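Scroll down for the structure; my scribbles are underneath it.
Bear in mind that the values in this text are calculations on the coordinates, not laboratory data. Since the structure is predicted, the reported quantities are computational estimates derived from the model, not experimental observations. Cβ sites come from the backbone with ideal geometry, for glycine too, and all protein chains shown count toward neighbours.
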Amino acid sequence: MTYLVAAALKNDLAAIRQSSPEVWRQVRRYNLPVQLTLAAAFEVTNAASADPARVAVVSLAPCQPGSADLYRWGQVVTAGMVNGNLGDTRMNPTQTLHAVDNLAMSAFAIRYGNHAYCLGLGGAAGQAWAGLEAVQERLAAGQETEALLMAGDQDCAEDWANGTGVALLFSASPKPYGPLGQSVRLVAVERQRRPHPDSTRPHAAAGLCGLLSALAAHDREGAALSYAVPLEDSDGVDAVTVRMEVSR
Amino acid sequence: MTGERRVVITGTGALSALGATPEELWSGLLEGRSGIGRVSRLVTSGISVTTGGEVRAVPHDRLDRDREIAERAIEDALVAARCDAAECGFMWSTGLDTFQAGADGFVHRSAGLCFTDLSSRFRYPRRMIAAACASGTQAVGEAFRLIREGRAEACVAGGSSVMLTPFYLIGFAGLQAVAVDYEGDEPSAACRPFDRERRGFALADGAGALVLETLTRARQRGARVLAEVIGFGMSQDGFDLNRPCDDGAGAELCMRRALSDAGVAPGSIDAVNAHATGTFLGDLAEVAALRRLFQDDWRRIPVSGMKGAIGHAMAAAGALEAIVAAFTCATGIVPPTVNLSEPDEGCELNHVLGEPLFAGARTVLSASFGMGGQNAAIVLKRAEL
């Protein structure tokens with residue numbers, strides 16, 4: 001069984017800096033998507049995890065290039081190539097970290113001394129649902145009792161300012177999900193292949209935010225929630241439905 | 001493990017600095033050749049690193065090079081296995097984004113979009129693996145796990161990377177991870193795993209693809225089985241973003257998990273396909289991990305690494321190494337570690353030097369340890385059908 005026990009969504013770096021200086025201290029060296037992801041992950045873990053060192057971790061890398069700094073640096077390098085001289089070009093080693101494709105997963109492991117199961121997924125369109133399935137598979141395997149799914153992305157490659165980080169903590173045993181005060185069981189992630197692949201939105205976190213919004217709007221106790229993932233949040237190949245059950 | 005859910009490898013595809021097929025990769029390794037060389041277009045750019053492992057089969061100025069390299073390896077693996085993509089799941093790492101100079105200036109291609117392009121013809125599960133240098137091994141391991149658990153019948157697994165661009169060469173040079181040029185250097189010897197004169201890795205392009213399926217399915221199809229996958233483990237160092245634990249604890253943990261998953265004692269391993277990047281700290285940590293894992297058996301178990309021959313192809317590295325490990329299982333032969341002539345103090349293992357070793361190896365451990373401390377290992381075994 002897989003129960004959602006806590007979730008957090010972050011999109012305001014200034015607010016994190018102001019209200020949670022300790023979190024800011026721990027994430028400030030990273031790039032925007034990783035900062036937001038970690039802030040969300042720390043919040044749910046500190047609030048609801050029984051043992052953060054033993055949580056199974058499934059982490060989605062950002063789909064956008066590591067950071068706006070890297071993107072700009074890519075332009076500098078390319079201009080140098082066109083001009084035929086890169087001899088004086090140097091990279092800020094701190095920004096090299098932004099290219100680590102699952103930096104949030106590594107940083108989370110360091111923060112909590114976590115050596116449990118870990119799965120690093122890429123931020124390609126629709127991978128959030130693969131992450132949700134991986135969480136369910138792992139808790140079903142019974143080797144961990146909690147699993148974290150986290151993701152973050154910036155909204156476009158050149159933009160430092162706007163992005164989203166999201167984290168969902170799951171448990172193998174029923175516990176109330178904070179915002180609803182009721183248990184929320186992840187029943188299944190169902191897929192049906194579309195007749196033709198369609199275009200999608202490459203964003204690691206957006207789909208999970210949509211799922212959380214649907215859950216927040218679902219106030220009928222005992223009723224099943226069948227969340228049809230919008231096409232833009234899928235991988236464009238499968239029609240995805242997330243089935244959840246809310247009960248006291 | 002039940003007979004019904006045994007998982008075997010029935011097809012491979014490989015593009016590397018040693019050629020455009022798995023057979024060319026294997027024969028190059030057995031001959032002790034290095035495919036690493038000076039890259040002329042980099043020499044003219046004025047950067048401090050001009051050596052690397054080029055995939056010559058795909059022109060470097062193709063802007064969809066990331067997709068083309070991957071697609072060719074995938075197609076070769078499917079053809080070798082006589083499989084259709086629509087029958088297979090897809091576990092793949094497209095590594096990092098590519099940044100190139102096109103006719104109209106800056107061209108950025110997202111790894112995520114490349115994965116989406118590659119994956120749409122496959123059936124579910126389709127997972128994009130992102131675990132730094134451990135991605136290729138993790139992709140193969142995930143495919144193995146999903147097939148063994150009955151969540152898929154067959155998968156194409158592996159990874160691809162386009163790294164030989166100034167963007168990454170300058171970046172990794174800044175981290176002091178790659179072998180930078182020096183006066184009078186020998187380009188083909190830029191990467192020297194475990195050697196006392198090692199000075200970092202050579203970046204490389206590449207792609208490695210494997211078709212994994214249940215033994216039952218392979219038998220029904222009359223497919224040629226190259227090797228069996230019997231175990232998978234992963235771990236995180238949880239230590240530092242830029243360097244491994246000094247004692248290799250994270251690396252040891254993932255290898256122990258893979259062996260435990262396979263139900264194999266460390267002493268039963270016949271050969272190791274090592275990560276062996278040729279970095280100062282990485283090699284020391286890996287040796288420490290292997291020696292603790294194998295206890296006194298470390299003097300007996302042959303260890304071989306292939307990045308001295310093809311460079312470090314990042315997301316593709318683990319998949320290419322899995323292919324070579326499968327060839328070792330099939331033939332019993334362990335290739336030499338190219339460019340290793342004098343193991344450094346602290347790097348003593350039973351290295352395969354100079355010539356291939358006819359070891360009769362049947363069970364092989366292949367491991368990858370990524371930047372950020374993301375680790376993965378698999379255990380392969382000679383197919384006994």
Item checked: Packing rank of B:289-297, B:131-139, where each peptide gets the mean count of other beta carbons within 10 Å, highest leading -> B:131-139, B:289-297
Next item on the list: Work out the charge dipole of the range A:1-125 with +1 on the Cβ of Lys and Arg and -1 on the Cβ of Asp and Glu about the Cα centre, then indicate which of A:PRO21, A:ALA125, A:VAL77 is farthest towards its positive end.
Entry: A:PRO21
Notebook entry, point to check: For chain B, what's the relative contact order in percent, using C-alpha pairs closer than 8 Å and at least 6 residues apart?
Noted result: 25 percent
Margin query: I need the shape label for the range B:283-337. Rule: rounded when a/c is under 1.5, else prolate if a/b > b/c, else oblate, with a, b, c from the alpha carbon gyration tensor.
Written below: oblate
Check: Per the Kirkwood formula on distinct C-alpha pairs, the Rh of the range B:273-385 is how many angstrom?
Finding: 14.2 Å
Margin query: Just checking the output field for B:228-237: average partner chain Cβ neighbours within 10 Å of each residue's Cβ?
Written below: 3
Next item on the list: Over the range B:1-117, calculate the relative contact order: mean separation of alpha carbon pairs under 8 Å at least 6 apart, over the residue count, as a percent.
Entry: 25 percent
Notebook entry, point to check: So for B:CYS88, B:CYS155, fewest C-beta neighbours within 10 Å to most, what's the order?
Noted result: B:CYS88, B:CYS155
Item checked: 0 to 90° range, to nearest 10: angle between helix A:32-48 axis and chain A longest Cα axis -> 30 degrees
Next item on the list: Give me the distance between the Cα centres of the range B:166-221 and the range A:13-86, rounded to whole Å.
Entry: 27 Å
Note to self: Taking every DSSP beta bridge with both residues inside the range B:63-187, roughly what % is antiparallel (nearest 5)?
What the structure shows: 40 percent
Check: Taking square-rooted eigenvalues a ≥ b ≥ c of the alpha carbon gyration tensor, is chain B rounded, prolate or oblate, where a/c under 1.5 means rounded and, failing that, a/b exceeding b/c means prolate?
Finding: oblate
Notebook entry, point to check: Averaged over B:168-174, how many beta carbons belonging to a partner chain fall within 10 Å of each residue's beta carbon?
Noted result: 6
Notebook entry, point to check: To the nearest 20 debye, what is the magnitude of the charge dipole of the range B:110-215 about its Cα centre, counting +1 on the Cβ of each Lys and Arg and -1 on the Cβ of each Asp and Glu?
Noted result: 580 debye
Checklist line | Centroid-to-centroid separation of the range B:276-336 and the range B:24-101 [C-alpha atoms, Å] | finding: 20 Å
Check: How much length is gained on full extension from A:ASP12 to A:THR241, taking 0.36 nm per residue of separation minus their Cα-Cα distance?
Finding: 79.5 nm
Next item on the list: Within 10 Å of each Cβ in peptide B:47-53, how many partner chain Cβ atoms are there on average? Round it to a whole number, please.
Entry: 2
Check: When B:ILE301, B:ILE147, B:ILE129 are ordered from fewest to most other Cβ atoms inside 10 Å of their Cβ, what list results?
Finding: B:ILE301, B:ILE147, B:ILE129
Check: How high is the relative contact order of the range A:133-211, in percent, counting Cα pairs under 8 Å that sit 6 or more residues apart?
Finding: 30 percent
Notebook entry, point to check: Which of rounded, prolate, oblate describes the range A:1-56, given a ≥ b ≥ c as roots of the alpha-carbon gyration tensor eigenvalues and a/c under 1.5 marking rounded, otherwise prolate only if a/b is larger than b/c?
Noted result: prolate
